[in-house]
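Report on the structure given below.
The values are calculated or read from the model by the stated rules, or taken from the named source; none is laboratory data. Everything quoted here is computed from the prediction, not taken from an experiment. Here the Cβ positions follow ideal geometry from the backbone for every residue, glycine too, while neighbour counts run over all protein chains shown. Just so you know, the surface numbers come from the protein's heavy atoms only, side chains and all, with ligands and any DNA or RNA stripped out. Shrake-Rupley method; radii C 1.70, N 1.55, O 1.52, S 1.80 Å.
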Amino acid sequence: VGAKWEISPSLSFTTAVYRLDHGNVVVRDPLDPTVSHLVDAERSSGLETELNGSLTDRWTIHGGYAYQQAEITRSLSAIIVAGARLGQVPKHKFSLWSKYELSRTWGAGLGVISQSDGFVATDNAVLLPGFIRVDAAVFFTPNPRLRAQLNVENLFDERYFASAHSNNNILPGSPRALRVAVTTRF
């Protein structure tokens, strides 16, 4: 069930509440990543909201929040049991990106990405900690055909774990990273 509200011609809010029962899903075995199980007992329930658009002629935002409860609904093995949370599905996720045009040629943006902790795999043995990451950008547009930008991902050089392949193969998030781009239109 969902709804969309056009707050103004340039700003909208959407929300949805859902419950999904999944079948015929492949889940990696937490004890042996080379083995996969076919699972027909997953359930995801949650709420998602988004706010997108312009607050003023110069200020735009894109934000969202999701709450999700994802679990195994019946025991499938000694390690995949009813009530276990699905791997890599945090209960809370939040993102917000805001851009402000300082002038016709300069703009700046700031963003936040956050998620709560969640288990790596369906055995719920290893917890992937939650994190908050802040990103930033500066935009330079000298004319309508040329744009340059500097993006800084992970502005405060936060140490975090972005995802995992198994209980013993966890991927760290990127340290602070700078990216420069120049785009042109012909």
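Observations on the model:
- Additional length obtainable on full extension of the chain from D117 to N168, 0.36 nm per residue less Cα span: 16.7 nm
- Accessible area of E6 in the full protein assembly, 1.4 Å probe (Å², nearest 10): 100 Å²
- For V35 and A3, a Förster radius of 35 Å and the Cβ-Cβ distance give a FRET efficiency of 0.25, rounded to the nearest 0.05.
- Theoretical gain in end-to-end length, T73 to S12 [0.36 nm per residue, Cα-Cα removed]: 18.4 nm
- Sequence of R159, R133, R145, R176 when ordered by accessible area, the most exposed leading, probe 1.4 angstrom: R159, R145, R176, R133
- Considering only A136, T49, Y67, the residue lying farthest towards the positive end of the dipole of the chain is A136, judged by Cα position with unit charges set on Cβ.
- In a simple Cβ point-charge model (Lys, Arg +1; Asp, Glu -1; nothing else charged), the chain has a dipole of about 700 debye relative to its Cα centre.
- Of the residues T14, T183, T122, the one with the largest accessible area comes first in the ranking T183, T14, T122, computed with a 1.4 Å probe on protein heavy atoms.
- Percent accessible area from carbon and sulfur atoms, the chain, protein chains only, probe 1.4 Å: 58 percent
- Full extension of the segment from T105 to V138, taken as 0.36 nm per residue of separation minus the current Cα-Cα distance, would add 10.8 nm.
- If R0 equals 22 Å, the separation of the Cβ atoms of D21 and K91 corresponds to a calculated FRET efficiency of about 0.75.
- Rolling a 1.4 Å probe over the heavy atoms of the protein chains gives segment 55-100 an accessible area of 56 Å² per residue.
- Both radii were evaluated on the Cα set of segment 37-186; the Rg over Rh quotient, with Rh as the Kirkwood radius, amounts to 1.11.
- Surface accessible to a 1.4 Å probe, H92 within the full protein complex, Å²: 80 Å²
- Sorting W5, W97, W59 by solvent-accessible area of protein heavy atoms yields W5, W59, W97, largest first, with a 1.4 Å probe.
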